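Novice: Right, I'll just put the structure down here and ask away after.
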Amino acid sequence: RAAEPKCRPTNVLPTKMNETKDLIEIQDFLHTILREACPPLQIRKEGEAGIEAAGTKEVMQGKQKVDGHYFASTVKKPKDIRFYFFAIYTDPQLFSLSEDLKKMLKGKSCFHIKMLNDDIKEELRNMVSIAVKRFREKDLI
């Protein structure tokens, strides 16, 4: 019987649990966490290209009255799913991003998501929950 190796080869890195790079799975997950926040959110648009979630109260957005304050949306691109998350722009102090999620943030509020694992899923779900609470405090939803 061959002896078990005493150490792991250095060129092999452990993978995160349940990691996916499938864009359809990524998009489905993001759509699910936004739908789970309804109500108080509403889905304004949904289709193959993406989803848009907003509040349900008529509010002023800039100088314009809108039927629900913009909350978040997704857009499917050839190499990733874009997740536009407005609360990280308006209230960045509420969010402490992991290194993995920081790498995905391009600009102030757009995440380019090419991969998800259990840790990132939990973090995104928590971010949506925190943002819903904050939008309620601001009487936007």
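Novice: Counting only other residues whose beta carbon sits under 13 Å from that of P92, what net charge do I get with K and R as +1, D and E as -1? Write out the running numbers ahead of the final one.
Specialist: Values: positive: K102, K108, R134; negative: D91.
After counting each charged neighbour, the total is +2.
Novice: Let me ask another. Net charge near D28, counting Lys/Arg +1 and Asp/Glu -1 over other residues with Cβ under 13 Å of its Cβ?
Specialist: On the way: positive: R35, K76, K121; negative: D22, E25, E36, E46, E48.
Summing Lys and Arg as +1 and Asp and Glu as -1 gives -2.
Novice: Something else about it: Please calculate the 1.4 Å probe accessible area of Y89, with all protein chains present, and give it to the nearest 10 Å².
Specialist: Accessible surface of Y89 is approximately 120 Å².
Novice: Turning to a different aspect of this structure: Quick one: angle between helix 118-137 and the longest Cα principal axis of the chain, in degrees between 0 and 90, rounded to 10, please.
Specialist: Once rounded, the angle reads 20 degrees.
Novice: At 1.4 Å probe size, with no ligands or nucleic acids counted, give the accessible surface of E99 in Å², nearest ten.
Specialist: Around 110 Å² of this residue is reachable by solvent.
Novice: For the residue pair R35 and S98, what label-to-label distance in nm results when each label sits 7 Å from Cα along the Cα-to-beta-carbon direction?
Specialist: Modelled inter-label distance: 2.4 nm.
Novice: Would you work out what percent of the accessible area of the chain, with all protein chains in place, is carbon or sulfur (probe 1.4 Å)?
Specialist: Details: 4600 of 9080 Å².
Carbon-and-sulfur percentage of accessible area, whole number: 51.
Novice: If you average the C-alpha positions of segment 21-45 and of segment 92-141 separately, how far apart do those two centres end up, in angstrom?
Specialist: Using only Cα atoms, the two centres lie 13 Å from each other.
Novice: Oh, and also: Choose one of A53, G68, L101: the residue whose Cα lies farthest towards the positive end of the charge dipole of the chain (beta-carbon charges +1 Lys, Arg; -1 Asp, Glu; about the Cα centre).
Specialist: L101
Novice: Continuing with the same structure: Can you give the helix-only mean residue ellipticity at 222 nm for the chain, where every DSSP H stretch with n ≥ 4 adds -39500 (n - 2.57) and the sum goes over all residues, rounded to the nearest 500 deg cm²/dmol? It would help to have the intermediate numbers written out before the result.
Specialist: Values: 4 runs with 43 residues, N = 141.
That calculation yields -9000 deg cm²/dmol at 222 nm.
The values are calculated or read from the model by the stated rules, or taken from the named source; none is laboratory data. The model shown is predicted, which means the values in this text are computed figures rather than measured ones. For neighbour counting, all protein chains shown are included, and Cβ atoms are generated from backbone atoms with ideal geometry for every residue, glycine included. All accessible areas refer to the heavy atoms of the entire protein, side chains included, with ligands and DNA or RNA removed. Shrake-Rupley method; radii C 1.70, N 1.55, O 1.52, S 1.80 Å.
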